[in-house]
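Since every read-out is calculated from the coordinates, none of them should be taken as a lab result. Worth saying up front: this structure is predicted, and the values here are computed from it rather than measured. Here the Cβ is made from the backbone with ideal geometry for all residues, glycine too, and neighbour counts use every protein chain on show.
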Amino acid sequence: MREKTLERKARDIIVQKIMESGEMDTEDIMDLIRPHYLFDPSRAREQAIRRKANQLAAQVRDERGIRTVFNCKEQGVSKYVNIEVSNSLEDLKSIEGQLTKKLNGLNASRIKTSRRRAQVEGQLSLDLENMM
């Protein structure tokens with residue numbers, strides 16, 4: 001079970017401000033979070049160790065620089081699998097599914113960005129025409 005670091009209402013307000021902003025730097029978002037952040041030092045240490053474990057596992061690459069170790073869950077327990085040596089069909093299917101889901105999400109974001117870029121480019125060209 002995940003522990004709360006932000007109350008739901010504070011999180012919703014911060015997300016709304018991010019959505020309304022054209023752009024924000026990390027410090028701006030951190031400034032919004034600071035007054036509402038619920039901090040537990042022992043939990044923070046465990047989270048940092050878990051994050052480091054995830055980072056180290058994600059850095060394992062083959063000789064061509066392609067990632068080979070991925071996280072998957074087996075009966076709710078998180079584990080890391082080296083896809084080059086794994087013989088577990090279930091693990092490999094799980095990882096393949098995760099990668100497909102990420103790829104689909106990235107592709108949807110890429111399409112959305114391309115559409116918005118085209119809109120902005122069209123607006124800029126219309127503005128330039130009006131200026132002449």
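Give me the net charge of residue 95's neighbourhood, meaning all other residues with Cβ under 13 Å from the Cβ of residue 95; Lys, Arg count +1, Asp, Glu -1. Every neighbour counted, the sum reads +1.
Between their Cα atoms, which of 4/102; 73/101; 52/93; 73/93; 9/101 are more than 20 Å away from each other? Beyond 20 Å between Cα atoms: 4/102; 52/93; 9/101. Can you work out the PRE-style zone for residue 120? Point 7 Å along Cα to Cβ, and I want the residues of the stretch 10-47 with backbone N under 13 Å. Backbone N within reach: 22-24. By the count of other C-beta atoms within 10 Å, a proxy for reagent exposure, 100, 68, 26 are ordered fewest to most as 26, 100, 68.
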